[in-house]
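Since the structure comes first, as structure tokens, the remarks are kept for the end.
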Amino acid sequence: MGPSDRLLPERRWPFCRRSDHAGLRSGAARYGLGVVASDLNGDGCPDLYIANDFQEDDFLYYNNCDGTFTESIATSVGHTSHASMGVDAADFNNDGRPDLMVLDMLPEREQTLKTSANAESFDVYNLKLEVGYHPQYARNTLQLNRGHGRFSEMGYLAGVYATDLELGPPVRRPRQDGYKDLFITSGIYHRPNDLDYLAYVSGPVVQASLREGTPGCTARWSRRCRISRSPISRIATTET
């Protein structure tokens, strides 16, 4: 994962890279934050789902059972998460086919949603579609495996579309009722896309400190750094 996805066959030591031969995509625009291996199409060979952050599409690699893979996200999934992070595969409805759960950063609380910056504008979304990107939405996605290489996204219907900032994959926790549960680990406590915080870091004092490589809020700057009474601004102000 990361800027370049790599496949390292476990045939001999040291591992050798076979990514290009296997059909895995690479490039500077890849931001792989999660990967799961599961037999998604029931042919007996493990397939790969790679969750990519930022603008890059997620990748769904079907295993050709000969050491190569075929990327098929556009033909298998109607839409994906936007800032995909954790990903896991499990048969949530006990139909014998593994489903996919991908995490994004949509907050559940309305107050947090209204005080946070959007992932991207509608104009940027349409522009990405025009240049060939797959539809992406800034929320969790639960992909129900319909078989025959097709998935239906049902995150809203299942009530798992918004769980805020998550940096780890969901964990399956089977109970005694025979169904899989979800345990989702949350990440950063203070959101980096909070509107108050963005206003603070874009101020002239902080920008100057970033250019000069000096702390932005020392004791002599503390009065100028207090640009608002919001909690995030007070947290960002360093007192000495």
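Given the conditions (1) closer than 18 Å to P192 by Cβ; (2) touching an Asp or Glu at 6+ places or on another chain (Cβ under 7 Å), report the number of the one that N52 does not fulfil.
(1)
Output the residues belonging to the stretch 136-163 that are touching a helix residue (DSSP H, G or I) at 6+ places or on another chain (Cβ under 7 Å) and farther than 20 Å from D47 by Cα.
Once the filter is applied, which keeps residues that are touching a helix residue (DSSP H, G or I) at 6+ places or on another chain (Cβ under 7 Å) and farther than 20 Å from D47 by Cα, the stretch 136-163 yields R139, N140, Y161.
Do you know which residues across the stretch 45-62 are modelled with pLDDT of 95 or more and farther than 20 Å from M101 by Cβ?
Residue satisfying the conditions is C45 alone.
Of the numbered conditions (1) open to solvent by less than 10 Å² (accessible area, probe 1.4 Å); (2) farther than 21 Å from R139 by Cα, V77 satisfies every one except a single condition; which is it?
Tallying (1) open to solvent by less than 10 Å² (accessible area, probe 1.4 Å); (2) farther than 21 Å from R139 by Cα, V77 fails exactly one: (2).
State yes or no: is G27 at pLDDT below 95, touching a Pro at 6+ places or on another chain (Cβ under 9 Å) and on the phi > 0 side of the Ramachandran plot?
In short, yes.
Report, by residue number, each residue of the stretch 51-74 that is closer than 22 Å to G147 by Cβ, open to solvent by 60 Å² or more (accessible area, probe 1.4 Å) and in a loop (DSSP other than H, G, I, E, B).
Within the stretch 51-74, N64, C65 meet the criteria.
Given the condition at pLDDT 75 or above, at negative phi, open to solvent by less than 70 Å² (accessible area, probe 1.4 Å) and in a strand (DSSP E or B), answer yes or no: does some residue in the stretch 10-24 qualify?
No, the stretch 10-24 has no match at all.
Pick out, from the stretch 86-177, the helices (runs of 4 or more DSSP H) lying fully within it that include 1 or more residues that are open to solvent by less than 30 Å² (accessible area, probe 1.4 Å) and touching a strand residue (DSSP E or B) at 6+ places or on another chain (Cβ under 7 Å).
Fully inside the stretch 86-177 and qualifying: 155-158.
What pairs come up if the first residue lies in the stretch 112-123 and is closer than 14 Å to H82 by Cβ, the second is basic (K, R), and their beta carbons are under 6 Å apart, counting only those six or more places apart or on different chains?
Going by the 6 Å Cβ cut-off, the qualifying pairs are S116/R191.
State the number of residues belonging to the stretch 150-194 that are at pLDDT 90 or above and either over 28 Å from F92 (Cα atoms) or of a type in the set (A, V, I, L, M) (or both).
Within the stretch 150-194, residues that are at pLDDT 90 or above and either over 28 Å from F92 (Cα atoms) or of a type in the set (A, V, I, L, M) (or both) number 5.
The values are calculated or read from the model by the stated rules, or taken from the named source; none is laboratory data. Since the structure is predicted, the reported quantities are computational estimates derived from the model, not experimental observations. As a convention, Cβ positions derive from the backbone with ideal geometry for all residues, glycine included, and neighbour counts pool all protein chains shown. Just so you know, the surface numbers come from the protein's heavy atoms only, side chains and all, with ligands and any DNA or RNA stripped out. Shrake-Rupley method; radii C 1.70, N 1.55, O 1.52, S 1.80 Å.
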